[in-house]
1. In square angstrom, what is the accessible area per residue of chain A with a 1.4 angstrom probe?
2. Of D:Gln141, D:Ile7, D:Ile113, which is farthest towards the positive pole of region D:1-148's charge dipole, taken about the Cα centre with +1 and -1 on the beta-carbons of Lys, Arg and Asp, Glu respectively?
3. Which value, in debye to the nearest 20, gives the size of the charge dipole of region A:117-262 about its Cα centre, when Lys and Arg are +1 and Asp and Glu are -1 at the Cβ?
4. What average count of beta carbons from other chains do you get within 10 Å of the Cβ of residues in D:300-311?
5. Measuring nothing but label to label, 7 Å from Cα along Cα→Cβ, what are A:Glu125's distances to the other copies in nm, shortest first?
6. Given +1 on the Cβ of Lys and Arg, -1 on the Cβ of Asp and Glu, and no further charges, what dipole in debye does region D:1-155 carry about its Cα centre, rounded to the nearest 20?
7. Which distance in Å, rounded to a whole number, links the C-alpha centroids of region A:80-102 and region D:240-274?
8. Dipole of region A:115-178, Cα-centred, from +1 at each Lys and Arg C-beta and -1 at each Asp and Glu C-beta, to the nearest 20 debye?
4 protein chains.
Amino acid sequence: MEELQRIVTRAWETGRAAAASGRVANYIPELGKADPSSVAVAVANLDGSGASAGDVETRFTLQSVSKVASLACVMATGLHDPFERVGVEPSGDAFHSIVRLEEETGRPRNPLINAGAIAVSELLEGPNPSEKIETLRGFLQVATRGADVDGSFALDEAIYHSERDTGYRNRALASYMKHHDVVADPFVAVDTYFRQCSLLADVRSLARFGLFLASGGVDPDSGLRILSAEATRKILALMTTCGLYDEVGRFALQVGIPAKSGVSGAILAIVPGRCAMACFGPALGPKGNSVAGMAMMELLARELELSIFSAGEAGRQLETSGQSA
Amino acid sequence: MEELQRIVTRAWETGRAAAASGRVANYIPELGKADPSSVAVAVANLDGSGASAGDVETRFTLQSVSKVASLACVMATGLHDPFERVGVEPSGDAFHSIVRLEEETGRPRNPLINAGAIAVSELLEGPNPSEKIETLRGFLQVATRGADVDGSFALDEAIYHSERDTGYRNRALASYMKHHDVVADPFVAVDTYFRQCSLLADVRSLARFGLFLASGGVDPDSGLRILSAEATRKILALMTTCGLYDEVGRFALQVGIPAKSGVSGAILAIVPGRCAMACFGPALGPKGNSVAGMAMMELLARELELSIFSAGEAGRQLETSGQSA
Amino acid sequence: MEELQRIVTRAWETGRAAAASGRVANYIPELGKADPSSVAVAVANLDGSGASAGDVETRFTLQSVSKVASLACVMATGLHDPFERVGVEPSGDAFHSIVRLEEETGRPRNPLINAGAIAVSELLEGPNPSEKIETLRGFLQVATRGADVDGSFALDEAIYHSERDTGYRNRALASYMKHHDVVADPFVAVDTYFRQCSLLADVRSLARFGLFLASGGVDPDSGLRILSAEATRKILALMTTCGLYDEVGRFALQVGIPAKSGVSGAILAIVPGRCAMACFGPALGPKGNSVAGMAMMELLARELELSIFSAGEAGRQLETSGQSA
Amino acid sequence: MEELQRIVTRAWETGRAAAASGRVANYIPELGKADPSSVAVAVANLDGSGASAGDVETRFTLQSVSKVASLACVMATGLHDPFERVGVEPSGDAFHSIVRLEEETGRPRNPLINAGAIAVSELLEGPNPSEKIETLRGFLQVATRGADVDGSFALDEAIYHSERDTGYRNRALASYMKHHDVVADPFVAVDTYFRQCSLLADVRSLARFGLFLASGGVDPDSGLRILSAEATRKILALMTTCGLYDEVGRFALQVGIPAKSGVSGAILAIVPGRCAMACFGPALGPKGNSVAGMAMMELLARELELSIFSAGEAGRQLETSGQSA
C-alpha cells in the first residue's frame, strides 16, 4: 500500500512537471478558465485499496470521458442496442470530423467520436435532455455507490451554457445524422450530449466509477452486477482502439491500457482484473490530451506493470530459465 | 491437454462450416487457386503444450501476416528505427488506400497497412530484395528454432511472380513515398514486400513463430531473448489497433486478442503471457479476412477465456462474494 | 422568327422524348408530385424577339436556379461582398457535400453549391428570412419588369414546408459554417435558403429574368443598368465552371453556355450578347439535372450556334479561303 | 496595329512589375535555374496581325501547356478516343492529387490534370515514348507551319532528365491507373509525359500554335482543317473549366478566356474567333501559375475586351438606348 502511494506520488510529480508544456483548451470560453498547473491522479484497486495525489478535491467536467459513461448506461439499461446506430471501428480522423460521416451515410464509426456519442446519448432513457441526464447521473451514482463528493455528479451550468452557445460543429454532426435518420431528434441528441459533457467529477470519484469496468461488470463492494462481462469487454476494446483521439495508437504503444480522455484534461483508464485510474490536468498537448495525464499514465503503467500487452510473470520466468528448464 | 484438443477441434469444425460463406481472394491469379474449403488451426502454449486441427500440412503464403515478421525483424536488428518512417495510429481506411498518404506527406499511418509495410521492408538488412528476404527468413528460422516443415519458410515463386506482375497499386504507394523521401528506392522496397508476402508457412510453424511475442520477447524453449519486452508490447499494441484491416474494431470486441490477418486466409493471434495461435482458411469475408479464421478465433477466445479485456478470475470472485465479503 | 420557333419546337419534341429516361426528384415529398412528362422551353432574345414551346404555363420552384438570382441581388445591392464569404473555384464534389467545407475551414468553394448559396442568402437585405425573401422577390420583379405571370414570383408554401421539414443536410452545412463564423445566424441563413428555393416561375418569366445577364447587366427594355458589366461577367463565369453540379464539364463540352440547373428540373442558360433561355422538365438524370433540359439545351446550342467556345463566322470564313487568300 | 502593340507593351510592363512577387518553381532542379525577372508576351490574331513584347527569344519548356497539344494531337489523329480513358469534369483538387483517382477507380477526372494527361499521352502514335514524342512534335510543326524558331519544338534534355529523375508522384499516378487498367504501360505513359513537358517553345511560336484553336480548327494561313470544330470547342471548354489548376475559377472571373498554364511560367490563351495569346514569366504565385502571366492576361482581356462572358457591342448599345428605343 505504501509502495502504491509512493508510485502515485511520483506519477503526480512527473505530471506536474509535464503540465508546463501544455495549453488549456479554449474552444469554449468556460473551459479556458481552468488552472493549467492543476494536476491530480487517483488509483482504485478492485480489492478496495487505492492511492491518490495532487489536487484531488478539484472538480472538472467529464467532457468526452462521459462517452464511456453514457455508452455503459445505455448498454446496462438494455432497451436500445447502441450498435444499431454506430459502428465499432477506429476512424483515423479527428474526433469531430464530419468527413467519414458523409462517406458512410451518416453512421458514426464508433461511439467514442463526437458523432457516435451524440447518437448514443439520445438513447438515454427520458422524454427530454434533462431527464435523460438524470438517468445518466443515476447510473453514475449507482455505479459508484454515491462516491462522488456530494454524491451527485452535478452539472456545471456555466460549462453547459458555454457548450450550448458555441457547439455548432456538434450541431452540424447531429443535423447530418438526422438527414440520414440515424438520430430521431438532432436537438434533443445534441443538447443531451452538451449536458453529459458538463457533468462534474474529481479524480477519486472518476476512478471509483471505473471499477465495475475493471471487474468485468460487477461492483466490487457489493458484488452486484452492473453490466454483463461481454458488454464490459466491448467497452474496453472500444477504449483501446478509439479512446484517445489521434493518439490512440501512441497510447497503446506507450501505456497499453484501455482509456478515454476528455478536453477538460481528464483521463479514465481501466486495467481489467486489477484497477481503475483517473488523471486530471487541463494543460493539453497538440492532440487534445492532457500532457500531465499522459505522463502519469505512462509512469503508472510502467511502474505497476499494467499494460494489457505485457507477458507479465510468465515472460520473466521464461527468460530466467527457458520453458525446457 | 485433451481439453485443449477438444476445443481446438470444435473450433475447426466451426471454421469449416463458416468457410462456405466466404470467397477466395482473386486479385492475384495464383491466390485464386486455393481450395476454399481448406481450414486449419493451431494453438501453441508458452509451456510447450499445444493442439491443432484440420489441414495442418497445407502451406500458405504469409501475405500481410508477414508485416508482423518484418517489423519484428527490423526492430530486433536495431539498425533502423522503423517509426522514423511510419506512424503508429490506426488509419480508418482500406489497407491499400493512398488517400491518407497524400494528406500526410507520404508518411504511412502505421507499419501494418501496405504503405507502412513497404517502407519497413526496405529496412531489412541486405543490398537487394533477395538478400533482404534472406535476412527475414533467417529471423523466422531463429525465432521458430527451425520449426517450419522444412525449416525454411520458403518463397512461393508462382505467388511472387503473380504479385510482381500485378502489384501496381503497391508500386503507386512506393512511388508516392519516394516522392516524399520516405523510402530510398521504391523498386527495392516494393519488390522486397512482394517477396515477404510470398513466404510459405503452415499453421503450426506460424503459431510457433508467434511464441516469442506471447512471452514478452523470449524464445520459450531456450530462454533466449529475441526482442525486448518493450518492442514486443509495441507490436502487440499495433496488432490490436491496426491488425485486421477494416474489422480491427469488430475483432477487438468479439475476440479481444492482438492479431494480424492476410489475404491468403491466414491469421496470427497472440495472447500475452499465454499462447500464440494461427488459423488458415482462404475463403474471405467482405473485409478481406478469413471467415473460418474469424469464427475459429472467436470460439477459441471465448472457450479459453483469452480476451485481453477480460477481468478473468478476479471478476468472477467479486461477483460471487463482493470485495467486502 | 419563324425559324427560331421551328427550332424551339423541335427542341421541345426532343426534350419530351428524352424525359422518359429520367426520374422526378423525391428527396422532398412535395417535389415528387411533379409530372415527369411535363416539358417546356423558352428563348428570349436581347432584341425583344423570342419563342417558347411546351407546358409554358406550368410553374415550378426555382430550387438551385435561385442561387444565381440571390447572388445577383446581393451583388446589385452592393452592401456586402459575397466573395468575402465564399470562393470562386469549382468544387469537384456533390453540391451538398460537406467534406471540402471541413478541409477549408468552413469557407464554401463557390456560391453555387448549397453551402455557398446558404452563406450568400443570409446577405440578402432584411431583418429576417421573410423580409430577405421580399428583397429577392423585389429584385426578380425589377429585373423582369413584372414579367412573371402574376408579377410576383410567389413562394410555394407546400414546397417550402417540405424543404424546411427535411433539410437537415443543409442545416448541417449552415451549422458547420457557423462553427467557422462564415455565417452569422445559421437558422436565418438556412431558412432564407429554403424560401428562395421555393419561389415559383415559368419558363418565360425565367428566361426573361436572364436577359440582364445576357446584356452585360442592362435591362434590354429600359436600357437601365441592373448590375455592373463586371459583376455580370463574374456570374456567367461561375455558371460556366460551377453551374451544373457534377455535369458542369459535360455541359461545357456539349452545350458550351453559362447555365444553372435546379432539382425541380429547371435550367437557366445565358448567351452573352444574344439571349437567355429557360428549360423545364422535372424528370432528372443520375446527376440531378433535367434530362429534357439537357437535351433541349444541346439542340438549341447546336442549331442556333450559341456556344461561347465557337469561332463563329470567323472560323467558317477561314476554312473557305484561308486568311492569306 | 499600333494600338495592339501599345497595349501588349503595357501588358509586358505590368507583368514585369508583377513578377517580383513570384517564385520560380524548384520541384525539379533544372526548372529552378530560370531567370525570375524574365517576362514575355505575344498576341497572334486570326487575320495574321499580332504583337509581342519582352524576352520573346527566351525559350521555355511547355510543361502542362503540353497537355493541350497532346490532347489535340490525339483527337486530330482520331485513332483513339481519349474520353474513353478520362473524364471531362473539373476536379477541385491539386493537379497532381491522387485522392480522387482512388475514389473513382483510376479514371482521371479530366485530361488537363497530371493523371489525365499521362493517360492521354500514352495514346500518341508510336511504339515507344521517343516515337510518340516525334508524333507530337510533328503535330506542333504542322499546326504552326514550322513557326518555331528552329522549326522543331526541340526537347530540353536537361529538363527531361530532371523530370525523369524526380517524377515519382507522376509514377505513382501512372501505377495507380495501371492497377485499374486505365493505362496499358505505366512506364511508357509516364516517360512520354515527361518528354512532352520538356518540349521547348517561345511566346511567339506558342501563340502561333494556338491559332487553329481560335479559328475553330482551321489553320488560318492555309485554310486547312487541323481539327474538327466540335473537338476544338471541347478543348476550349476543358481549358475554361480545368486549365489553371486551383485558380481556374479566379481566372474565369478576372480574365474570362480559355487558357492553360504550366509550371515553367507559360500560359496559352485562346479567344475563339479572334486570337491566341502566349505569356511567359517563370516567377509563380502560390497556386503554381505565372504571376506575370496572370497580370498580363488580365490586362489584355480588359483592354482588348476578350472575355467570352462579355456581352460586347450588344450590351453597350442596349445601355445607350434600350432595345425599345
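1. Result: 33 Å² of accessible area for each residue.
2. So the residue we want is D:Ile7.
3. 440 debye
4. 5
5. 5.8, 6.4, 8.1
6. 260 debye
7. Cα centres, region A:80-102 to region D:240-274: 41 Å.
8. So the dipole magnitude of region A:115-178 works out to roughly 320 debye.
The values are calculated or read from the model by the stated rules, or taken from the named source; none is laboratory data. Predicted, not measured: the structure shown is a model, and the values here were computed from it. Neighbour counts are summed over all protein chains in view; Cβ atoms, including those assigned to glycine, are modelled from backbone coordinates with ideal geometry. Only protein heavy atoms, including side chains, enter the accessible area calculation; ligands, DNA and RNA are left aside. Shrake-Rupley method; radii C 1.70, N 1.55, O 1.52, S 1.80 Å.
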